[in-house]
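The values are calculated or read from the model by the stated rules, or taken from the named source; none is laboratory data. Just so we're clear, the structure is a prediction, and the values are computed from it rather than from any experiment. No Cβ is skipped: glycine too gets one built from the backbone with ideal geometry, and neighbour counts run over all protein chains shown. Note: areas computed on protein heavy atoms with side chains; ligands, DNA, RNA excluded. Shrake-Rupley method; radii C 1.70, N 1.55, O 1.52, S 1.80 Å.
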Amino acid sequence: MADQSAGRLRGRAVVVTGAGSGIGRAAALAFARAGAHVLGVGRRASALEDTAAQHPGIAVLAADICGGEQAARAIVDAVIERWGRLDVLVNNAGATAVMPLADTDAQRISDLFALNVTAPSLLAHAALPHLRAGHGAIVNISSTYGHRPLPGAAHYAASKAALEQLTRSWALELAADGIRVNALAPGPTESEALAAAGLPGSVVEQIKQDEVARIPLGRRGDPEEVATWIVHLADPAATWITGQVLTVDGGLELT
Ligand SMILES: NC(=O)c1ccc[n+]([C@@H]2O[C@H](COP(=O)([O-])OP(=O)(O)OC[C@H]3O[C@@H](n4cnc5c(N)ncnc54)[C@H](OP(=O)(O)O)[C@@H]3O)[C@@H](O)[C@H]2O)c1
């Protein structure tokens, strides 16, 4: 299957946000191995360089995607200057937040939605003329909890539900342009996400143990197991798939 994608993605230009770690790094590598030109985006230049060092097909740009329209334009411009085209936007950068209602505050809600909802929207907006030109694709990275309730992290779940609804609405809005829009919803996957949420190591370990106990296949996922499906959703061969949310979570959503 990987070899078939390689042919079709060769020479295509792909943006992967959050490419300095976890699922984004694995996705950048998977696209590069399939022959695509990849621009990996994130805030930490050193983390991005570590990703780029793993494949010559990966270029990187250190940028904060929460920098509004200007940041989104700069990212898209960087791709066009390099490769003259933009075929695939992977809106992967995102964050989780443990925030029970009793501890909820306006700034944290606003920050979470700025990253998980507004930034992907502005990137898609900036990419749109180029996606139209090449009949490209958008892959938004949601979560099992984009369509399952998550007590204690309701706003994270709500931000991913918003991303899934954007996916379905954009799929219809852009279908006439030949642009496909899908979402990939991972379950608990090894990455920097829990540490990035500012949780202490002991709490992270407890969450991981609880997740393993709930996942029918009995383990957390590896980023590569998620990345392979991101590539398949973006693959031009997936010609008739749009507006879908593909859950890759060891069966967690069924519980
Ligand atoms: N791992 C899981 O269990 C899981 C489950 C379901 C869904 N997801 C989703 O999968 C996606 C990837 O997460 P991950 O698990 O791979 O976590 P991760 O390792 O924390 O990756 C998130 C990436 O986003 C980047 N990022 C964060 N804020 C940014 C900003 N303002 N501008 C640019 N880049 C930014 C981070 O790099 P910098 O800090 O350098 O900017 C980081 O590389 C997220 O959308 C997450 O919600 C993850």
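Annotation: of all residues in the stretch 240-255 being within 21 Å of Gly134 (Cβ to Cβ) and in contact with a Lys or Arg (Cβ under 8 Å, 6 or more places away or on another chain), the one that is least open to solvent (accessible area, probe 1.4 Å) is Gly243. Within the stretch 14-26, if we keep just the residues that are near the ligand (Cβ under 7 Å from one of its atoms) and under 16 Å from Leu86 (Cβ atoms), the residue that is surrounded by the most Cβ atoms within 10 Å (Cβ to Cβ) turns out to be Ala19. Counting residues in the stretch 207-222 that are open to solvent by less than 20 Å² (accessible area, probe 1.4 Å) and assigned to a loop (DSSP other than H, G, I, E, B) gives one or more. Tell me which residues, restricted to the stretch 59-69, are without any contact (Cβ under 8 Å) to a residue 24 or more places away in the chain and within 13 Å of the ligand (Cβ to nearest atom). The answer is Leu61, Ala62, Ala63, Asp64, Gly67.
Yes/no per residue for (1) in contact (Cβ under 8 Å) with a residue 12 or more places away in the chain; (2) in contact with a helix residue (DSSP H, G or I) (Cβ under 7 Å, 6 or more places away or on another chain); (3) closer than 21 Å to Ala19 by Cβ:
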{"residue": "Arg214", "(1), (2), (3)": "yes, yes, no"}
{"residue": "Leu217", "(1), (2), (3)": "yes, no, no"}
{"residue": "Pro223", "(1), (2), (3)": "yes, yes, yes"}
{"residue": "Leu233", "(1), (2), (3)": "yes, no, yes"}
{"residue": "Ala237", "(1), (2), (3)": "yes, yes, no"}
{"residue": "Trp240", "(1), (2), (3)": "no, no, no"}
{"residue": "Thr255", "(1), (2), (3)": "yes, yes, no"}
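The number of residues in the stretch 27-49 that are under 14 Å from the mean Cα position of the chain (by Cα) and either within 17 Å of Asp64 (Cβ to Cβ) or within 8 Å of the ligand (Cβ to nearest atom) (or both) comes to 4.
Only a single criterion out of (1) among the basic types (Lys, Arg); (2) under 23 Å from Pro236 (Cβ atoms); (3) in contact with a Gly (Cβ under 6 Å, 6 or more places away or on another chain) is not satisfied by Lys160, namely (2).
Which one is farthest from the ligand (Cβ to nearest atom), of the residues in the stretch 90-109 that are under 20 Å from the mean Cα position of the chain (by Cα) and not in a strand (DSSP E or B)?
At the first step, the residues of the stretch 90-109 found to be under 20 Å from the mean Cα position of the chain (by Cα) are 90-98, 109.
Going one step further and asking which of them are not in a strand (DSSP E or B), we end up with 92-98, 109.
Numbers: Asn92: 5, Ala93: 4, Gly94: 2, Ala95: 6, Thr96: 6, Ala97: 10, Val98: 13, Ile109: 16 Å.
In this case the residue turns out to be Ile109.
Among the residues of the stretch 183-190, none qualifies, meaning not one is open to solvent by 30 Å² or more (accessible area, probe 1.4 Å), assigned to a helix (DSSP H, G or I) and touching a residue at least 12 places away in the same chain (Cβ under 8 Å).
Go over the candidates Leu112, Leu122, Leu128 one by one and state the one that is away from the ligand (no atom under 12 Å from the Cβ) and either on the phi < 0 side of the Ramachandran plot or at pLDDT below 95 (or both). Full working, then the answer.
Values: Leu112 fails: away from the ligand (no atom under 12 Å from the Cβ); Leu122 fails: away from the ligand (no atom under 12 Å from the Cβ).
When all the criteria are applied, what remains is Leu128.
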